[in-house]
Amino acid sequence: GVNAMHPTWIGSIMAGKYGIASSASLYFADMNGTDKYQAIEHLIDVGCDLVNISATIGIVTGGSYNTDIEYYFDYLYTSTKVVMVAASGNSLNEYLAGGYVGLPALCTNVISVGSVNQNGDPSHFSSYKSMNDVRNKPNLVAMGDSRVVPGFWSMLGTSLSAPAVTGALALLFQKRGV
């Protein structure tokens, strides 16, 4: 089964009673299965205008990554114009990952979100290294260090930073009638 804690936290930050965009509709797709792409396509098929991805599909190891994943996300964006926001990853201190931003957050047409603490300083875990090309990732940062949601305990991770940005974008979409 699905561990409900992670998606519950993410949804609580984006929307719901205490969320940023409290009147936004939430849809959940389990990306822990064998076909992560099918989960994202399901969200697009049900009409989502905005998709939060608080997971990594591909890990950047030693500066190299699977470009097929990037092509796929570029195709999704160019063919649907659905905005995708992804957590940059928590690999700053991991031996093989070396702090590189993970996929899909590294993709050109995905908004990548890193983590800062309550003082606005970079979180000790947040991935920030990009490939040696023109991309500068993460694109944005949001509070993801010791984040508290009412009724829950404190958690940390870029998985909690990304829904803060997604919630803010949902408010903008609501304001503009998207």
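Derivation of every value follows stated rules applied to the coordinates shown; laboratory data play no part. No experiment lies behind these values; they were computed from the predicted model shown. Every residue, glycine among them, receives a Cβ derived from its backbone with ideal geometry; neighbour counts consider all protein chains shown.
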Calculate, in nm to one decimal, what Asp30 and Gln174 gain on full extension: separation in residues at 0.36 nm each, minus their alpha carbon distance.
49.3 nm
Once both labels are modelled 7 Å past Cα along the beta-carbon direction, what's the Asp121-Tyr18 spacing in nm?
2.5 nm
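Roughly speaking, what is the stretch gain from Ile44 to Met155, that is 0.36 nm per residue apart minus the C-alpha to C-alpha distance, in nm to one decimal? Mind dumping the intermediate values first?
Details: separation 111, 0.36 × 111 = 39.96 nm, distance 2.86 nm.
Taking Ile44 through Met155 to full extension adds about 37.1 nm, to one decimal.
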Suppose each label sits 7 Å from its Cα in the direction of the beta carbon; what would the Ser79-Tyr37 distance come out to in nanometres?
0.9 nm
Once you list every other residue whose beta carbon is under 13 Å from the beta carbon of His6, what net charge do they have if Lys and Arg are +1 and Asp and Glu are -1?
0
